[in-house]
Amino acid sequence: MYNSTTRRTFLKQTGVLSVSSMLPLSVLPLDPRFKMGLQLFTIRDAMAKDPLGSIKYARSLGYEDGEIYGYDGENDTYYGIKSKEFKKNLIDLDFTISSGHYDFSSRFNEPMEILERYVDQCIEGSHSIGSKYITWPWLAPEFRDIENFKLLTDKLNKIGEQVTKAGLEFAYHNHDFEFTNHNGEQGYTIILAGTDPNFVKLQMDMYWVEHSSEKNINQLIAENPGRYVMWHIKDMDRVTRDYSEMGNGSIDYVSLLSTIDEDALQYYYIEQGGNFAENSMKSITDSATYFKKHLQRYL
């Protein structure tokens with residue numbers, strides 16, 4: 001994995017670009033450098049019934065890595081399975097978990113010591129399953145105003161420092177609401193300016209940036225070097241602008257991924273939050289097929 005070297009820079013350094021500059025990137029001889037990842041929330045209905053069987057099926061499609069959700073800190077379980085036992089199952093399935101989305105938002109108004117205790121639980125679970133990143137995924141609607149975004153940055157810095165001291169990494173995941181205009185201010189601008197890059201990395205949801213941000217993906221990466229360590233890759237329905245299977249939507253990922261500056265990228269996850277053409281498992285099947293055929297060559 002080449003965490004901070006862009007694909008084009010790598011080609012230049014190795015001389016491949018100089019001898020193959022007339023060839024499209026799609027035919028250049030590079031194996032994928034990043035594991036094909038899946039945000040398991042995509043198949044949350046299947047995970048609720050049979051988490052290990054669902055992961056096994058995803059692995060058969062070519063997904064090698066995942067991002068989890070739904071950790072029970074009090075019982076130290078993922079999907080009802082003790083974290084250390086879950087790790088053994090992951091090894092058997094030849095599947096890794098590099099990041100997790102954790103329920104910080106429901107503790108937003110709790111005293112800081114309550115939040116810190118939950119963070120300690122998340123750290124314990126993450127260590128048990130060998131996951132590198134703990135990610136703040138969501139802010140409930142009642143907290144989406146400018147004053148609370150300012151409070152959020154302080155919480156993010158404190159959690160990030162706590163997680164970093166434990167030998168892990170911390171990141172913030174965006175949706176659309178961070179880009180809402182509040183009398184000339186945006187929550188995302190406050191988050192970017194108010195958080196310490198040493199403690200708070202960023203997980204870019206490309207769909208939501210395309211959907212709602214005035215700045216495009218490349219602008220955000222260029223303006224925040226070294227911070228976008230993870231991407232969520234999902235497509236946008238051409239008519240409704242809702243989620244869509246990869247390749248069926250309006251986002252030109254071929255152009256995007258073939259030219260993007262990967263900068264600090266370490267992991268990416270294919271995701272579809274809903275609006276399935278048939279069902280969630282068919283969705284990850286179709287998205288994997290399209291991604292491997294048309295997009296994985298760029299990553």
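The values are calculated or read from the model by the stated rules, or taken from the named source; none is laboratory data. Computed from a predicted model, the values in this text were never measured in an experiment. Don't worry about glycine lacking a Cβ; one is built from the backbone with ideal geometry, like all the others, and counts go over all protein chains shown. For the accessible areas, the whole protein counts, side chains as well, though only heavy atoms, and no ligand, DNA or RNA atoms are used. Shrake-Rupley method; radii C 1.70, N 1.55, O 1.52, S 1.80 Å.
For the range 214-233, name all the residues that are of a type outside the set (A, V, I, L, M) and surrounded by fewer than 18 Cβ atoms within 10 Å (Cβ to Cβ).
First, pick out the residues of the range 214-233 that are of a type outside the set (A, V, I, L, M): 214-216, 218-219, 223-228, 231-232.
Matches in the range 214-233: GLU214, LYS215, ASN216, ASN218, GLN219, GLU223, ASN224, PRO225, GLY226.
In this structure, is TYR118 of a type in the set (Phe, Trp, Tyr) and open to solvent by 10 Å² or more (accessible area, probe 1.4 Å)? Break it down stepwise before answering.
Numbers: of a type in the set (Phe, Trp, Tyr): yes; open to solvent by 10 Å² or more (accessible area, probe 1.4 Å): no.
Against the criterion (of a type in the set (Phe, Trp, Tyr) and open to solvent by 10 Å² or more (accessible area, probe 1.4 Å)), TYR118 does not qualify.
Return the residue satisfying two criteria in turn: it lies in the range 160-169 and is open to solvent by 30 Å² or more (accessible area, probe 1.4 Å) and not hydroxyl-bearing (Ser, Thr, Tyr), and of such residues it is nearest to LEU115 (Cα to Cα).
Filtering the range 160-169 for residues open to solvent by 30 Å² or more (accessible area, probe 1.4 Å) gives 161-162, 164-167, 169.
Keeping just the survivors that are not hydroxyl-bearing (Ser, Thr, Tyr) gives 161-162, 165-167, 169.
On the way: GLU161: 13, GLN162: 11, LYS165: 16, ALA166: 16, GLY167: 19, GLU169: 17 Å.
The selected residue is GLN162.
Of all residues being touching a helix residue (DSSP H, G or I) at 6+ places or on another chain (Cβ under 6 Å) and either assigned to a strand (DSSP E or B) or of a type outside the set (Phe, Trp, Tyr) (or both) in the range 192-204, which is surrounded by the most Cβ atoms within 10 Å (Cβ to Cβ)? Just the residue, please.
Initially, the range 192-204 is screened for residues touching a helix residue (DSSP H, G or I) at 6+ places or on another chain (Cβ under 6 Å), giving 194-196, 199-200.
Checking which are either assigned to a strand (DSSP E or B) or of a type outside the set (Phe, Trp, Tyr) (or both) leaves us with 194-196, 200.
Working: GLY194: 15, THR195: 22, ASP196: 13, VAL200: 25.
Applying the filter and picking the extreme gives VAL200.
Considering each residue of the range 243-255, count those that are outside any loop (DSSP other than H, G, I, E, B), touching a residue at least 24 places away in the same chain (Cβ under 8 Å) and either hydroxyl-bearing (Ser, Thr, Tyr) or under 12 Å from TYR207 (Cα atoms) (or both), and give that number. Spell out how you get there, then give the answer.
Narrowing the range 243-255 to residues outside any loop (DSSP other than H, G, I, E, B): 243-244, 253-255.
Now drop any that are not touching a residue at least 24 places away in the same chain (Cβ under 8 Å), which leaves 243-244, 253-254.
Now narrow it down to the ones that are either hydroxyl-bearing (Ser, Thr, Tyr) or under 12 Å from TYR207 (Cα atoms) (or both): 243-244, 253.
Qualifying residue count, the range 243-255: 3.
Using beta carbons and a limit of 8 Å, which pairs, at least six apart or on different chains, have the first residue in the range 72-86 and on the phi > 0 side of the Ramachandran plot and the second one modelled with pLDDT of 95 or more and part of a loop (DSSP other than H, G, I, E, B)?
Matching pairs, first to second residue: TYR79/GLY70.
Give me the pairs: first residue in the range 165-192 and more than 17 Å from LEU220 (Cβ to Cβ) and in contact (Cβ under 8 Å) with a residue 40 or more places away in the chain, second residue among the small types (Gly, Ala, Ser) and surrounded by 17 or more Cβ atoms within 10 Å (Cβ to Cβ), beta-carbon distance under 9 Å, and six or more apart or on different chains, which are they?
Here the result reads ALA166/SER126; LEU168/SER126; LEU168/SER131; GLU169/SER99; GLU169/GLY160, each pair linking the range 165-192 to a residue that is among the small types (Gly, Ala, Ser) and surrounded by 17 or more Cβ atoms within 10 Å (Cβ to Cβ).
Tell me the residue from ASN109, ASN157, ASN75 that is open to solvent by 30 Å² or more (accessible area, probe 1.4 Å), at pLDDT 95 or above and not in a loop (DSSP other than H, G, I, E, B), please. Reasoning before the result, please.
Working: ASN109 fails: not in a loop (DSSP other than H, G, I, E, B); ASN75 fails: not in a loop (DSSP other than H, G, I, E, B).
Exactly one of ASN109, ASN157, ASN75 is open to solvent by 30 Å² or more (accessible area, probe 1.4 Å), at pLDDT 95 or above and not in a loop (DSSP other than H, G, I, E, B), namely ASN157.
Being small (Gly, Ala, Ser), touching a Phe, Trp or Tyr at 6+ places or on another chain (Cβ under 7 Å) and either buried (at least 20 other Cβ atoms within 10 Å of the Cβ) or closer than 20 Å to LEU220 by Cβ (or both) is the filter here, so list the residues in the range 244-260 that pass it.
First, the residues of the range 244-260 that are small (Gly, Ala, Ser): 244, 247, 249-250, 255, 258.
Within this subset, residues satisfying the condition of being touching a Phe, Trp or Tyr at 6+ places or on another chain (Cβ under 7 Å) are 247, 258.
Within the range 244-260, SER258 is the sole residue that qualifies.
Have a look at GLY100, GLY125 and point out the one that is open to solvent by less than 70 Å² (accessible area, probe 1.4 Å), part of a helix (DSSP H, G or I), of a type outside the set (S, T, N, Q) and under 19 Å from GLU74 (Cα atoms). Please lay out each step first, then the result.
Values: GLY100 fails: part of a helix (DSSP H, G or I).
None of the other options fit; the residue is GLY125.
With the structure loaded, tell me whether LEU90 is aliphatic (A, V, I, L, M), assigned to a helix (DSSP H, G or I) and more than 27 Å from GLU178 (Cβ to Cβ) or whether it fails that test. Write out each step before concluding.
Values: aliphatic (A, V, I, L, M): yes; assigned to a helix (DSSP H, G or I): yes; more than 27 Å from GLU178 (Cβ to Cβ): yes.
Criteria met by LEU90.
One line per residue, one yes/no per condition, for (1) part of a helix (DSSP H, G or I); (2) out of contact with any helix residue (DSSP H, G or I) (no Cβ under 9 Å at 6 or more places or on another chain):
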site: PRO225; (1), (2): no, yes
site: VAL229; (1), (2): no, yes
site: ARG241; (1), (2): no, no
site: SER258; (1), (2): yes, no
site: LYS282; (1), (2): yes, yes
site: PHE291; (1), (2): yes, no
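Within the range 267-283, does at least one residue satisfy the condition of being surrounded by fewer than 21 Cβ atoms within 10 Å (Cβ to Cβ), farther than 15 Å from TYR207 by Cβ and of a type in the set (Ser, Thr, Tyr)?
Within the range 267-283, one or more residues are surrounded by fewer than 21 Cβ atoms within 10 Å (Cβ to Cβ), farther than 15 Å from TYR207 by Cβ and of a type in the set (Ser, Thr, Tyr).
Where residues in the range 32-72 are assigned to a helix (DSSP H, G or I) and of a type in the set (D, E, K, R), which of them is surrounded by the fewest Cβ atoms within 10 Å (Cβ to Cβ)?
Going residue by residue through the range 32-72, those that are assigned to a helix (DSSP H, G or I) are 40-49, 51-60.
Retained after the next criterion (residues that are of a type in the set (D, E, K, R)): 44-45, 49, 56, 59.
Values: ARG44: 17, ASP45: 12, LYS49: 8, LYS56: 15, ARG59: 17.
That would be LYS49.
Only one of these conditions is not met by LEU139: (1) open to solvent by 10 Å² or more (accessible area, probe 1.4 Å); (2) in a loop (DSSP other than H, G, I, E, B); (3) aliphatic (A, V, I, L, M). Which number is it?
Going through (1) open to solvent by 10 Å² or more (accessible area, probe 1.4 Å); (2) in a loop (DSSP other than H, G, I, E, B); (3) aliphatic (A, V, I, L, M) one by one, LEU139 breaks only (1).
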